[in-house]
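The values are calculated or read from the model by the stated rules, or taken from the named source; none is laboratory data. As the structure is a computational prediction, the values presented were derived from the model and not from experiment. A quick note on method: Cβ atoms are made from the backbone with ideal geometry, for glycine too, and the neighbour counts reach across all protein chains shown. Each accessible area value is taken on the protein alone, full model and side chains, heavy atoms only, with ligands, DNA and RNA left out. Shrake-Rupley method; radii C 1.70, N 1.55, O 1.52, S 1.80 Å.
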Amino acid sequence: MTTREPGIVIVGAGQAGVQAAESLRDAGFTGPLTIIGDEPELPYQRPPLSKEYLAGKLPYGELALRADRFYADRDIDLIVGRRVVGLDRARRRVTLDDDSELPYSHLVLATGTRPRSLPLPGCGLAGVISLRTRAEADELRRRLGEARNVVVIGAGFIGLEFAAACRAVGLSPVVLDIAEQVMGRAVSAPTAAHFAQRHQELGTRLLMGTAPVELIGLDRRVTGVRTADGVTIPADLVVTGIGVLPNVELATLAGLESENGIVVDDRLATADPHISAIGDCAAFPAPHGDLRNAPQGAPHGAPDAGGRRIRLESVQNAADQARCLAARLTGAPRPYDALPWFWSYQGDLRLQIAGLSTGHDRTAVLGDDKGKGFSVLCFRDSALIAVESVNRPADHMAARRLLAADIEVTFDDVAEPGFSLRGHLARATDSERRTPA
């Protein structure tokens with residue numbers, strides 16, 4: 001048992017945890033600061049795992065979130081390869097899986113998510129893999145060199161990014177999903193339709209509205225996927241991407257509230273004044289509109305049953321929540337209200353999303369020639385709530401500024417000849433500069 005001085009302990013060595021530590025030091029926190037991660041290596045970026053890293057375009061050495069010396073230079077105690085298995089709120093201590101204990105003055109839960117398990121017979125066969133960790137990405141890179149028939153279960157971001165990686169090495173993957181629309185939880189119908197068409201043109205076989213019921217195998221290795229309509233699709237590699245679950249167990253065991261994530265307030269505090277939660281695991285008050293009437297599902301996350309809180313899975317959300325929390329813990333509290341944004345690269349398609357399109361009831365498309373890129377503007381109750389840009393990065397940047405500044409964009413504005421998001425932003429900001437104070 002250790003007797004070290006209590007400081008800030010961060011459980012989770014992902015984007016949120018590392019950014020929180022960095023921001024705390026930047027804000028002047030000088031006390032003991034510890035990050036605990038359960039993987040046996042330097043904290044690393046996850047988004048490239050299904051893109052550049054899987055394709056061999058990003059070497060392992062460039063995957064780390066920060067260089068090794070970063071932690072020593074900033075007097076951050078980085079503990080890797082250890083899991084936190086206990087939380088004693090009364091004594092303000094966490095217990096690690098080697099039975100050691102760490103005291104804390106404040107505890108930050110940045111525990112992230114884990115892939116949702118495939119609840120089907122045969123899911124334990126060799127050759128059935130999810131994609132969440134670097135070790136899994138390495139395994140998939142190795143198997144891609146041997147595979148002949150690849151089936152991807154789940155047509156979300158991860159599934160389609162992996163399908164693009166398969167095509168890059170000459171494979172023609174089959175992607176199946178019980179939903180009728182690709183990326184159904186994340187994007188509008190026009191964007192989904194374009195991605196579905198492009199994936200099929202490039203060699204992906206899409207089977208939407210298709211439910212897998214069993215993974216079949218021989219000698220404990222997967223050989224196929226049987227669907228609800230009785231068809232067996234040959235497969236020697238099956239990748240599952242059917243969503244994730246927030247890691248709330250530690251908080252729940254300690255008596256903290258969780259509902260599709262660890263429940264926090266608008267300053268990312270739990271009901272325990274000495275514990276906060278940030279990043280993919282945190283369910284926080286929706287800052288950009290009431291989601292009670294919205295359908296379940298949101299880009300990389302979901303509102304809770306009452307639509308009052310939302311949980312987001314993105315680098316932007318993890319980093320911005322970490323900065324917000326660091327500000328509070330160093331004496332500058334403020335509500336968390338950052339504009340969400342996301343991205344996904346799938347072959348020659350670069351999708352960037354600003355805002356949350358959940359519950360949109362009308363769309364407008366900018367860009368007639370989809371071969372050169374386009375943007376879909378999503379409205380709810382006549383208000384612009386999100387913009388999905390495909391190969392139009394300038395639109396994306398303008399949309400982020402428009403939405404963050406709450407500059408009005410109407411459907412009639414978009415219908416005007418020559419309308420552009422950049423032009424609308426320029427006119428709005430120029431008008432503001434000319435308005436006398």
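Tell me, which residue of segment 221-231 that is outside any loop (DSSP other than H, G, I, E, B) and more than 20 Å from Gly159 (Cβ to Cβ) is most open to solvent (accessible area, probe 1.4 Å)? Steps first, please.
Going residue by residue through segment 221-231, those that are outside any loop (DSSP other than H, G, I, E, B) are 221-227.
Filter again for more than 20 Å from Gly159 (Cβ to Cβ), leaving 221, 223.
Details: Arg221: 104, Thr223: 63 Å².
Restricting to residues being outside any loop (DSSP other than H, G, I, E, B) and more than 20 Å from Gly159 (Cβ to Cβ), the top hit is Arg221.
To keep it simple, each residue is scored yes or no on (1) in a loop (DSSP other than H, G, I, E, B); (2) of a type in the set (A, V, I, L, M, F, W, C); (3) under 23 Å from the mean Cα position of the chain (by Cα).
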site: Thr30; (1), (2), (3): yes, no, no
site: Leu42; (1), (2), (3): yes, yes, yes
site: Pro48; (1), (2), (3): no, no, yes
site: Tyr53; (1), (2), (3): yes, no, yes
site: Lys57; (1), (2), (3): yes, no, yes
site: Leu78; (1), (2), (3): no, yes, no
site: Gly86; (1), (2), (3): no, no, no
site: Ala90; (1), (2), (3): yes, yes, no
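Among the strands (runs of 3 or more DSSP E) confined wholly to segment 234-305, which include 1 or more residues that are buried (at least 22 other Cβ atoms within 10 Å of the Cβ) and modelled with pLDDT under 95? Show your work before the answer.
Details: elements: 237-240, 244-246, 275-277, 282-285, 301-303.
Fully inside segment 234-305 and qualifying: 301-303.
Looking at segment 209-220, can you tell me whether even one residue there is under 21 Å from the mean Cα position of the chain (by Cα) and buried (at least 18 other Cβ atoms within 10 Å of the Cβ)? If you could, list the steps in order and put the result at the bottom.
Step one: filter segment 209-220 for residues under 21 Å from the mean Cα position of the chain (by Cα), giving none.
Checking segment 209-220: not a single residue is under 21 Å from the mean Cα position of the chain (by Cα) and buried (at least 18 other Cβ atoms within 10 Å of the Cβ).
Across segment 345-388, what is the total count of residues that are surrounded by fewer than 17 Cβ atoms within 10 Å (Cβ to Cβ), of a type outside the set (Val, Ile, Thr) and over 30 Å from Tyr53 (Cβ atoms)? I'd like the intermediate steps shown before the answer.
The initial filter retains those residues of segment 345-388 that are surrounded by fewer than 17 Cβ atoms within 10 Å (Cβ to Cβ), namely 348, 350, 361-362, 365, 368-372, 381-383.
Now restrict to residues that are of a type outside the set (Val, Ile, Thr): 348, 350, 361-362, 368-372, 381-383.
Checking which are over 30 Å from Tyr53 (Cβ atoms) leaves us with 361-362, 368-369, 381-383.
Qualifying residue count for the region: 7.
Take Ala322 and tell me if it is surrounded by 22 or more Cβ atoms within 10 Å (Cβ to Cβ), within 19 Å of Thr113 (Cα to Cα) and at pLDDT 95 or above. Break it down into steps so the answer makes sense when it comes.
Working: surrounded by 22 or more Cβ atoms within 10 Å (Cβ to Cβ): yes; within 19 Å of Thr113 (Cα to Cα): yes; at pLDDT 95 or above: yes.
Yes; evaluated as a whole, the condition is true for this residue.
Can you list the helices (runs of 4 or more DSSP H) lying wholly within segment 364-435 that have 3 or more residues being of a type in the set (Gly, Ala, Ser), modelled with pLDDT of 95 or more and within 17 Å of Trp341 (Cα to Cα)? Even if it seems obvious, please write down each step before you answer.
Details: elements: 393-404, 411-415, 421-434.
Those helices (runs of 4 or more DSSP H) span 393-404.
Just give me the residues in segment 320-356 being closer than 21 Å to Ala399 by Cα and in a loop (DSSP other than H, G, I, E, B), in sequence order.
If the condition is that a residue be closer than 21 Å to Ala399 by Cα and in a loop (DSSP other than H, G, I, E, B), then Tyr336, Asp337, Ala338, Leu339, Pro340, Leu356 are the ones that fit.
What tally of residues in segment 48-82 results from selecting those that are of a type in the set (Lys, Arg) and surrounded by 14 or more Cβ atoms within 10 Å (Cβ to Cβ)? Break it down into steps so the answer makes sense when it comes.
Let us first name the residues in segment 48-82 that are of a type in the set (Lys, Arg), namely 51, 57, 66, 69, 74, 82.
Still in the list and also surrounded by 14 or more Cβ atoms within 10 Å (Cβ to Cβ): 51, 66, 74, 82.
Going through segment 48-82 one residue at a time, the tally reaches 4.
Can you tell me which condition Val108 does not meet? The list is (1) farther than 23 Å from Phe284 by Cα; (2) at pLDDT 95 or above, and all the others hold.
(1)
Quick check, is Arg92 buried (at least 18 other Cβ atoms within 10 Å of the Cβ), charged (D, E, K, R) and touching a residue at least 12 places away in the same chain (Cβ under 8 Å)? Reasoning before the result, please.
Numbers: buried (at least 18 other Cβ atoms within 10 Å of the Cβ): yes; charged (D, E, K, R): yes; touching a residue at least 12 places away in the same chain (Cβ under 8 Å): yes.
So Arg92 passes the test.
Can you give me the ranges of the strands (runs of 3 or more DSSP E) entirely in segment 101-198 with at least 3 residues that are over 30 Å from Ala271 (Cα atoms) and open to solvent by less than 40 Å² (accessible area, probe 1.4 Å)? Please lay out each step first, then the result.
Details: elements: 101-109, 113-115, 128-130, 150-153, 174-177.
Strands (runs of 3 or more DSSP E) meeting the threshold: 128-130, 150-153, 174-177.
Examine segment 239-250 for a residue that is over 23 Å from Leu118 (Cβ atoms), in contact with a strand residue (DSSP E or B) (Cβ under 7 Å, 6 or more places away or on another chain) and not small (Gly, Ala, Ser), and state whether such a residue exists.
Scanning segment 239-250 turns up at least one residue that is over 23 Å from Leu118 (Cβ atoms), in contact with a strand residue (DSSP E or B) (Cβ under 7 Å, 6 or more places away or on another chain) and not small (Gly, Ala, Ser).
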